[in-house]
Amino acid sequence: MGAKPAPRSGNNIRIMEDGGFREEIPVPSLRQPKYCFKTLQDLIPARLVLYLLSFTGFLVSFMMRTDINIAIVAMVKLPPPISADQLNKTEEPLICYTPLTTNSTDDRDENSTSPEEGQFDWNPTIQSTILGSFYWCYILSQVIGGVLTQKFGTKAVFGFSQLLTAICSLLIPQAAVFHYSALIFLRSIQGIASGLTWPAMYAIVGHWIPAIERSRFMSSFQGFSFGIGLTYPLCGFLIARYGWPIVFYTTGSIGMCWCVFWWLLAYDAPDKHPRISMKELSYIQSNVGNTMVGSKGMRVPWWSIMTSLPAWAIGITTFGRIWVHYTFIIPGPLYMKTVLGFSIQKNGVMSGLPFLCSYLSSVVFCLLADYLVNHNLLGLTNVRKLFTAVSQVIPGIMVLIIGYLGCDIVSVLVLWFLAVTLITASYGGAMANVVDIGPNLAGPILAFAQTIHMTASFLSPLVAGIFLQENTSLEQWRKVFAVTAIISVGTYFFYQAFGTAEVQSWNYPDGNIPPPHTESDLHPLKSKENGRKDDKEDPAEE
């Protein structure tokens, strides 16, 4: 009698043997669902999640640090008016709006020809101190950020810094009403906390991102441009309708919410990520293994970094870029108020729009940089120098021209827009160069470079405040713009002379650059001093 087909029971089958049935044997289902959670999860690379966290992290960070730049325009009273004698002294206008007389009680809409009056009687020096206080402490915490990141990792350092900055934002309205010194104190705390973010995020790039993708990933850091661009029009809208205090409550609340997502999704290294696919993990390890070690806890060769001309070249050239950039970010809204006569809402839109678009330009510049390198059209060092020149020399010349365009507001805004957009080329230039010369020590290198270049972030508004102490006429603004142009263009030439994209020997624990494309590239480097095997996770801990 022929064997009958084996009956099935769910996912089990019965096998007939000698006229009977053996036990049921479970087998995998013959039909898998087309989509499942794991499949969808694998479709989203962990590097993409990190990119989004980096982008939104810098977006939120810069919302909390730049909100006061536009809010202070509404918080303070107008500077002393320019007298009729001064206005008649020259045929060229000193301001581009019609000042209202003190007896005028006419209501003004958002297209008014004169800016609005503020609440606090803070002179330009106090305003510059408030705006600059953030950056004094921001600079001091750069090296601390590099050290803390090496010890605790990016996740802890970046997360806690954002949380502390958000708490301070929520307290600013009460501090401003109490006394401007309390506001300076809170801004200083924010500066200390925010100073940890850049070294922390740079440190994680070397572990996660292969060299051929770094320029593209660096565009995520342009979340700060998007944050600035979003903050100015948002603040202008909120201030016009609800008053300036709501600005700080809004940005602080957004910062608190972001921290939740960061703690749930961020990981310091690919091999610590619980949801990364094996394919992606293998790809990352095979492409970063030649330059990376387990750097958490690695001893930082500070002397080698501080005596490195390539590291100094990055710090000095980006000093010029930061100077011109922060001229647009901090004194920029004041220029639009006191010279162009923009209302708070129009000021917010015009100040913020270039920064919104500069994120897109940063992506284009970074993709172009990668294209030039990957297709061997230019060497990596030449690509870094080319994009650094575009980010500093051209904007420096443009900002000088802006001062001499007078009240040709359309031309002023066009050049303003183009200059802010071109500044982002630095993320395919000197800023990406930080990871090139020392991928294993990117956090400390950036901390060193930022200690140099972020001094421009408080010197720029301080110099502007000195020039504008007596009055805020177009003539005084030309002096501000001239100094900006000289510094922006001049500092580039140091990078042209000493900048390089070559990995430095002090990037490695033993000081020796390993040969490329070896089998050990598939795994993080292990120190092989004197030919002995070391079973420790990090030889630098010795």
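The values are calculated or read from the model by the stated rules, or taken from the named source; none is laboratory data. Fair warning: this is a prediction, and the values are worked out from it, not measured in the lab. No Cβ is skipped: glycine too gets one built from the backbone with ideal geometry, and neighbour counts run over all protein chains shown. Quick note on the areas: whole protein, heavy atoms, side chains included, nothing else; ligands and nucleic acids left out. Shrake-Rupley method; radii C 1.70, N 1.55, O 1.52, S 1.80 Å.
Summary of computed values
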{"read-out": "Listed residue pairs exceeding 25 Å between alpha carbons, taken from LYS151/LYS385; LYS155/LYS279; LYS337/LYS385", "value": "LYS151/LYS385; LYS337/LYS385"}
{"read-out": "Ranked packing of 195-206, 173-184, 486-497, 228-239, most packed first, by mean Cβ within 10 Å", "value": "195-206, 228-239, 486-497, 173-184"}
{"read-out": "Efficiency of FRET from Cβ geometry, ASP121 and ASN374, R₀ 60 Å, rounded to 0.05", "value": "0.55"}
{"read-out": "Proximal charge balance of VAL390 [Cβ under 15 Å; K/R count +1, D/E count -1]", "value": "+3"}
{"read-out": "Full-stretch length increase - ALA482, ILE401 - with 0.36 nm per residue and alpha-carbon distance subtracted", "value": "28.3 nm"}
{"read-out": "Relative packing of 70-77, 253-260, which averages over residues the other C-beta atoms within 10 Å, highest first", "value": "70-77, 253-260"}
{"read-out": "Alpha carbon centroid spacing (whole Å) that separates segment 314-366 from segment 151-166", "value": "27"}
{"read-out": "Cα convex hull of segment 399-468 - mean projected area over all directions, nm²", "value": "6.0"}
{"read-out": "Cα-based radius of gyration of segment 298-507 once divided by 2.2 N^0.38 Å, which approximates compact folds", "value": "1.07"}
{"read-out": "Heavy-atom accessible area order for VAL300, VAL349, largest first, 1.4 Å probe", "value": "VAL349, VAL300"}
{"read-out": "DSSP-loop chymotrypsin sites (Phe, Trp or Tyr not before Pro) across segment 367-436, with at most 16 other Cβ within 10 angstrom", "value": "TYR404"}
{"read-out": "Solvent-accessible surface (1.4 angstrom probe) belonging to PHE319, in square angstrom, nearest 10", "value": "40"}
{"read-out": "Cα lying deepest toward the dipole's positive end in segment 298-507, options ALA432, ASN471, ILE322, charges on Cβ", "value": "ASN471"}
{"read-out": "Segment 298-507 - charge dipole about Cα centre, Lys and Arg +1 at Cβ, Asp and Glu -1, debye rounded to 20", "value": "140"}
{"read-out": "For VAL76, residues with placed amide H under 5 Å, excluding near neighbours", "value": "GLN119, PHE120"}
{"read-out": "Accessible-area ranking of GLU213, GLU502, largest first, probe 1.4 Å", "value": "GLU502, GLU213"}
